[in-house]
Amino acid sequence: MVFGNVEKDIIRILSAEVERKFGIKCKYGKRFDVPREAYSKFRKQYLGDYILEFASRLNGSGKVLAVTDADLYTRGVNFIFGLAKINGNSCVVSIHRLREEFYGRKSDYNLLLERTIKESFHELGHVFGLKHCSDFNCVMKFSKDICEVDMKSMNFCENHEKILFKNIKKYSATYIMHRENFVL
Ligand SMILES: [Zn+2]
Ligand SMILES: [Zn+2]
């Protein structure tokens with residue numbers, strides 16, 4: 001289905017999926033513009049680290065999952081699907097390169113949703129102490145490109161799930177904040 005405001009719906013479903021998977025309550029945060037300070041004119045991309053820092057300053061008592069449609073990078077790589085610090089209080093996911101349109105293909109809403117959920121689970125996994133996994137059956141597998149995002153599972157492997165739920169017990173809430181329809 002196509003919605004006039006795709007991002008709102010993605011956030012709604014994502015929020016429900018995060019609650020289901022992590023067993024923690026999600027709360028919608030405020031919407032912000034992508035900080036201009038994060039923009040690199042040279043790269044025509046946004047520094048993920050800046051948005052991560054911005055998000056962590058607003059976290060309150062929970063964890064923040066920031067979702068953006070800005071194209072993100074971090075030092076040393078061309079782009080990132082997301083960014084988090086292990087055991088940090090925030091993470092960021094960019095849907096920019098999760099869209100089929102980015103690769104010159106026809107828009108695919110369900111695929112975009114699935115990818116967004118996967119990358120959000122992955123980054124939240126980091127926030128809850130998980131490192132990368134070598135197993136494609138685990139969402140903590142690092143994805144260097146969109147093919148690898150599609151190849152990996154939405155679930156956590158047994159080992160990572162154990163660590164995850166041990167760590168989640170320490171937290172009671174997650175705040176989701178997002179922005180949408182970013183225009184350069
Ligand atoms: Zn990762
Ligand atoms: Zn794993």
Of all residues making up the range 1-34, the number that are under 16 Å from residue 92 (Cα atoms), modelled with pLDDT of 85 or more and surrounded by 15 or more Cβ atoms within 10 Å (Cβ to Cβ): 7
Give me a count of the residues in the range 35-72 that are hydrophobic (A, V, I, L, M, F, W, C) and surrounded by fewer than 23 Cβ atoms within 10 Å (Cβ to Cβ). 6
Between a residue in the range 136-150 that is within 18 Å of residue 163 (Cα to Cα) and any residue that is of a type in the set (Phe, Trp, Tyr) and within 11 Å of ligand 1 (Cβ to nearest atom), which pairs come within a Cβ distance under 8 Å, given they are 6 or more apart or on different chains? 139/121
Can you list the helices (runs of 4 or more DSSP H) found entirely within the range 59-177 that contain at least 1 residues being aliphatic (A, V, I, L, M) and closer than 24 Å to residue 32 by Cβ? 109-127
Filter the range 97-117 for residues that are open to solvent by 60 Å² or more (accessible area, probe 1.4 Å) and closer than 20 Å to residue 73 by Cβ; the one that is farthest from ligand 2 (Cβ to nearest atom) is 101
Starting from the range 153-175, keep only residues that are aliphatic (A, V, I, L, M) and modelled with pLDDT of 70 or more, then list their pairs with residues that are near ligand 2 (Cβ under 9 Å from one of its atoms) and in a loop (DSSP other than H, G, I, E, B) whose Cβ atoms are within a distance under 8 Å, requiring at least 6 positions of separation or different chains. 154/139; 163/130; 164/130; 164/156
So, residue 86, is that one within 16 Å of ligand 1 (Cβ to nearest atom), surrounded by fewer than 16 Cβ atoms within 10 Å (Cβ to Cβ) and touching a residue at least 40 places away in the same chain (Cβ under 8 Å) or not? yes
For residues in the range 118-161 being open to solvent by 20 Å² or more (accessible area, probe 1.4 Å) and within 12 Å of ligand 1 (Cβ to nearest atom), which is farthest from the chain's Cα centre (by Cα)? 133
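The values are calculated or read from the model by the stated rules, or taken from the named source; none is laboratory data. Please read all numbers here as calculations on a predicted model, not as lab measurements. Because the Cβ atoms are built from the backbone with ideal geometry, glycine has one as well, and the counts that use them run over all protein chains shown. Protein only, heavy atoms only, side chains kept; ligands, DNA and RNA dropped before computing areas. Shrake-Rupley method; radii C 1.70, N 1.55, O 1.52, S 1.80 Å.
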